[in-house]
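Just so it is clear, none of the values below were taken in a lab; they were calculated from the coordinates. No experiment lies behind these values; they were computed from the predicted model shown. Cβ: placed from backbone, ideal geometry, glycine included. Neighbour counts: every protein chain shown.
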Ligand SMILES: [Zn+2]
């Protein structure tokens with residue numbers, strides 16, 4: 001329009017103040033400029049990855065603390081207060097434990113899950129054989145996120161959330177799937193040689209075809225997250 005940006009902004013603000021326009025910010029982009037180029041990109045990537053892993057562990061620990069508090073056999077308010085360094089002289093009288101006559105809440109025990117070895121082996125094989133999957137899901141942890149239905153930006157970019165294998169093992173705890181993926185012969189071979197695992201046609205292809213045909217996929221709610 002040829003007019004300076006700040007003049008246009010002032011004009012829009014003025015019209016908004018007069019209730020002639022409703023002005024909302026949309027599609028904002030935050031530009032940035034390099035102040036200093038990092039010397040070692042690999043090191044930064046490693047450090048960021050490590051911080052992500054540590055944060056993941058902390059979040060899991062925090063969830064465990066919530067469960068511990070919920071199942072605590074004692075006044076929960078006193079338990080919380082003690083956490084922050086304050087000792088209550090007597091039970092609060094209004095938390096769940098106090099209100100329940102001094103009985104702790106009974107949490108449902110973790111449901112034992114069964115992980116079928118054959119489908120997992122086939123999934124790992126397929127992962128190693130399919131360049132698109134191998135590229136988008138680099139490493140056992142990324143692949144386990146995919147198998148347990150935990151989305152990530154890379155999966156979104158690769159449109160993998162609609163993949164038949166996405167969330168196949170959503171009913172199994174993340175750590176268990178990760179352990180099995182890491183222990184899978186196909187993974188170990190790939191890690192050792194730095195090349196994809198089984199070559200040629202394998203049962204993995206039939207697994208994908210079968211799942212595609214039936215559209216049978218477990219719910220991908222991240223109920224077993226982490
Ligand atoms: Zn209490």
The range 123-177-the range 1-64 distance, computed between alpha-carbon centres (Å): 29
Kirkwood-based shape ratio for the range 34-145, expressed as Rg/Rh from alpha carbons: 1.21
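Show me the ranking of peptides 24-37, 166-179 by mean Cβ neighbours inside 10 Å, starting with the highest.
Numbers: 24-37: 5.0, 166-179: 19.8.
Highest to lowest by the protection proxy: 166-179, 24-37.
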Whole-angstrom Cα spans of the range 45-99 along principal axes, big to small: 51, 20, 13
